[in-house]
Amino acid sequence: QVQLVESGGGLVQPGGSLRLSCAASGIISTFSAMGWYRQAPGKQRDLVATIDSGGRTNYPDSVKGRFIISRDNGKNTVYLQMNSLKPEDTAVYYCNARRGIAGLSPVTDYWGQGTQVTVSS
């Protein structure tokens with residue numbers, strides 16, 4: 001069973017930075033992709049950033065240019081560097097790991113327990 005443990009959340013002022021970490025119990029190079037999602041109260045869970053096994057990254061426009069996802073295969077850890085934070089970035093951030101590729105092979109998603117990020121003055 002894959003376990004994902006997030007850390008690094010907290011309270012930060014607008015314009016500040018935070019770095020989230022996601023430590024995986026499995027070897028992350030075996031996952032087709034890893035990513036970060038977030039969910040604000042009363043809203044759906046949205047994509048924040050993904051990185052695939054080849055190192056290709058994907059971001060929605062809402063965070064592009066401010067957030068950077070990276071991975072350290074030696075440490076089985078994925079990071080999310082968040083800069084120029086805004087109040088609307090406030091949410092619970094979840095780490096995701098995926099095995100399989102949609103449309104090509106069976107997909108299994110694994111989730112962490114989430115870490116709270118609050119952007120407020």
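For this structure, a couple of remarks:
- Highest-MSF residue in the chain out of Ala102, Ala49, Ala23 [GNM, Cα springs under 10 Å]: Ala102
- The chain - share of DSSP beta bridges that are antiparallel (%, nearest 5): 95
- With Cα atoms as the point set, the range 81-121 shows a radius of gyration and Dmax of 14.7, 46 Å.
- For the chain, the relative contact order comes to 36 percent (Cα pairs under 8 Å, sequence separation of at least 6).
- Taking the range 32-88 and dividing mean pair separation by its residue count, relative contact order in percent (alpha carbons under 8 Å, at least six apart): 25
- Backbone geometry of the range 44-61 corresponds, through the Karplus equation with coefficients 6.51, -1.76 and 1.60 at θ = phi - 60°, to 3J(HN,Hα) couplings of 7, 7, 10, 5, 10, 6, 9, 9, 8, 5, x, x, 6, 10, 9, 9, x, 4 Hz, x marking Gly and Pro.
- Using only alpha-carbon positions in the chain, the gyration tensor eigenvalues give semi-axes of 24, 14, 14 Å once each is multiplied by 5 and square-rooted (largest first).
- Label-to-label distance, nm, for residues given as Ser121 and Arg66 (7 Å Cα→Cβ offset): 1.5
- ³J(HN,Hα), Karplus 6.51/-1.76/1.60, whole Hz, each residue of the range 75-89, x for Gly, Pro: 9, 6, 9, 10, 10, 10, 8, 10, 10, 6, 5, 10, x, 6, 7
- Cross-link reach is defined here as a Cα-Cα straight distance under 24 Å, omitting same-chain residues fewer than 8 places apart; for Lys43 the lysines meeting it are Lys64, Lys86.
Only the coordinates and a few stated rules stand behind these numbers; no lab work does. Please read these numbers as outputs of a predicted model, since none were measured by experiment. Note that each Cβ is placed from the backbone with ideal geometry, even for glycine, and that neighbours are counted across all protein chains shown.
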